[in-house]
Amino acid sequence: MDARLDFFGNSLAGKVLRHINSANKAVSESGLPATTQELVKLRASQINGCGFCTDMHSKDATLAGETPVRLNLVAAWREATVFTEAERAALELAEQGTRIADAAGGVTDEAWANAAKHYDEDQLVALVSLIAVINAYNRVNVLNQQPAGGYEPGQFG
């Protein structure tokens, strides 16, 4: 499979991606735990059917020390016992934030209140921003049919 466009070689795409990457960098340097960030990116990517990002974030999480059990259970986190209450709150917010078009009313007050029990204001800003950023990446890659499977950790760093 070939991508529809060479997003990594096109100058306009490069400008767009630099801005998205800058937002991602701000989030990655926030106080939101790195493990939580990878779990959220992976779950949103699964929901959106973004093979490229699912490949990337499962590999990056593995390199950062995430276990295969937890990675394999992200898609079924509600039934899994391997996630903390804070991680579960972040995953719920990520799911509802990713499925906005599917849910009348968007993110529920209950999901927000649960996340707010576990994260301070800056971490909530980072979490909301992360959900928005990963959804932007997912949409670029899904629209472009960016092939998955060949990502090497650190190749964009």
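Each reported figure results from applying straightforward, stated rules to the coordinates on display, with no laboratory input. Because the structure is predicted, anything quoted here is derived from the model rather than measured. Here the Cβ positions follow ideal geometry from the backbone for every residue, glycine too, while neighbour counts run over all protein chains shown.
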Report task. Would you order K15, K41 from fewest to most other beta-carbon atoms within 10 Å of each residue's own beta-carbon? Result -> K15, K41
Report task. Report, in deg cm²/dmol and to the nearest 500, the calculated mean residue ellipticity at 222 nm for the chain, where each DSSP H run with n ≥ 4 adds -39500 (n - 2.57) and the sum is divided by the residue count. Result -> -20500 deg cm²/dmol
Report summary line: By Cβ neighbour count within 10 Å, fewest first, D55, D109, D122 rank D109, D122, D55
Query raised in the report: So which GluC sites (Glu not before Pro) in segment 65-96 are both in a DSSP loop and have at most 14 other Cβ atoms within 10 Å of their Cβ?
Result: E79
Report summary line: Listed with the fewest Cβ neighbours within 10 Å leading, S22, S58 appear as S22, S58
Query raised in the report: Taking the alpha carbon gyration tensor of segment 25-144, what are the square roots of 5 times its eigenvalues, largest first, to the nearest whole Å?
Result: 19, 17, 15
Query raised in the report: So which lysines pass the test for K59, namely a Cα distance under 19 Å, with those fewer than 8 places away in the same chain ruled out?
Result: K25, K41
Query - Test item: Cα-centred dipole of the chain, Lys/Arg +1 and Asp/Glu -1 on Cβ, debye - result: 420 debye
